[in-house]
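Participant: The structure is given below, and queries will be raised subsequently.
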Amino acid sequence: MSVSRSLVRLALLAYPAEYRAASGEELAGTALELAGRSTRSQLAELLGLVAGGVRERGRRATGGCARLAWSDGLRFAALLLLLVTAWVNLQEPSWDAAARVGAPWRQVAGPFLRGEGWLRWGAAVVLPLVGAWALSRGRLVLCAALSFVAALLFVAGELPFVALEYTQAGVDPASVLQAARLGDAVFLAAPGVLALAAWRPDRQPATLSRWWLAVPVLQGVLLSHFWLTTMTVWPVGLLLLAWLAAAHVDARLGVAAFATTLPALAVLVPTTIAGPRWDSALALTLGAAVCGALALARALDREPV
Amino acid sequence: MLTDPAYRTLAALQDGPLHGYAIAQRVREQSGGDVRLTAGTLYGVLERLKERGLIAAGAEEVVDGRARREYALTDDGRAALHGEAARLRAAARLVSVARPRPA
């Protein structure tokens, strides 16, 4: 079997259009020659083209500058967290989830599906979405302000949010709940911290691609499979693994994976301490930490020529 | 400081200009078959080296129906290659002169 020119051309789509116009023919020719007859080397060439294309896009977007890669990576992480938050609140009115784990503030706030419950749910969805819009337009301070407001409202019991659902058989729900709320609050505030950390006085933040709006769709697909949500500690586990791979091709994604690990740990660590499944929670916490650190190391490793 | 693929690419070009496929082949020969650069990796490296002025690209030509372009070391590229080689030699010397500590 020899790798077909059409497959190579398909892989070349990973490169920016200008690059393909300037060097696509030459690159395709070299890839076809190097692919030879071995299936392994043919696969390596195809994957190499895809990785090289994504890397070239990242390099062009950041001018190959480490500082900008860092800045964009933090923005990506913040954007992801905001979209995840919006999706969580959109697809499942979380007062119901709070009721299932016996949240004490639910009695204070009243039943979800009555009166002001709808208003709060709307705010819980709209706040992160507006934050995401602000972030994608380069308005980092506005994004940070909205994130902090959302976190404060959550702490005050005015906004619903549950980053991670728990089974509570045989444990004291109060201790798990307090730990979970602490992690959830950090998760909500994290985009604000990341947006401020991404701010650079010498650079006007660029607008981000609309393709990032695909993230909540991906989350929806993941959420539709129960085993995925439980086995990977939704929402971060699977994405971290994906980003660990993506960090090989774009430094920004490595930074984003690392930055997403921090709020994920904020959710996981308290649960590890207070939760009933401390062994699996500890394993997942360590897994997330290692994935994040590896992704960052890989991203930083890409900086020299 | 150069990454390993960038260093090997410059080293492959030290005896004269080569096109992409020939560079990958030369890197493979010089490493005794240990290092295989895919086209995706190689052209990423070539792009960055071009931007830094360490190599120069010739005009594209079609040979046997395939587009090719030759790449050549610039003076800056040769200096960077020799500088990196000196750095690696110095680093290697640290190991070669080390003696096991007495127990």
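Participant: All but one of (1) more than 8 Å from chain B (Cβ to nearest Cβ); (2) surrounded by fewer than 21 Cβ atoms within 10 Å (Cβ to Cβ); (3) assigned to a helix (DSSP H, G or I) hold for A:Gln42; which doesn't?
Facilitator: Against the list (1) more than 8 Å from chain B (Cβ to nearest Cβ); (2) surrounded by fewer than 21 Cβ atoms within 10 Å (Cβ to Cβ); (3) assigned to a helix (DSSP H, G or I), A:Gln42 comes up short only on (2).
Participant: Suppose the filter is open to solvent by less than 50 Å² (accessible area, probe 1.4 Å) and touching a Lys or Arg at 6+ places or on another chain (Cβ under 6 Å); does B:Ala72 pass it?
Facilitator: So B:Ala72 does not fit the description; no.
Participant: Take the residues in the range B:9-55 that are open to solvent by less than 50 Å² (accessible area, probe 1.4 Å) and in contact (Cβ under 8 Å) with a residue 60 or more places away in the chain, then tell me which one is nearest to the other protein chains (Cβ to nearest Cβ).
Facilitator: Checked the range B:9-55; the qualifying residue nearest to the other protein chains (Cβ to nearest Cβ) is B:Leu10.
Participant: Would you pick out the residues in the range A:121-153 that are surrounded by 22 or more Cβ atoms within 10 Å (Cβ to Cβ) and at pLDDT below 85?
Facilitator: A:Ala124
Participant: To continue, here is another question. Go through (1) under 30 Å from A:Val255 (Cα atoms); (2) modelled with pLDDT under 55 for A:Val101 and report which single condition fails.
Facilitator: All conditions are met except number (1).
Participant: What's the number of the condition A:Arg20 fails, among (1) over 17 Å from B:His19 (Cβ atoms); (2) facing chain B (nearest Cβ under 10 Å)?
Facilitator: The failed condition is (2).
The values are calculated or read from the model by the stated rules, or taken from the named source; none is laboratory data. Just so we're clear, the structure is a prediction, and the values are computed from it rather than from any experiment. All Cβ positions, glycine included, derive from the backbone under ideal geometry; neighbour counts span all protein chains shown. The protein model used for the area step is the full one, side chains on, heavy atoms only, and it has no ligands, DNA or RNA in it. Shrake-Rupley method; radii C 1.70, N 1.55, O 1.52, S 1.80 Å.
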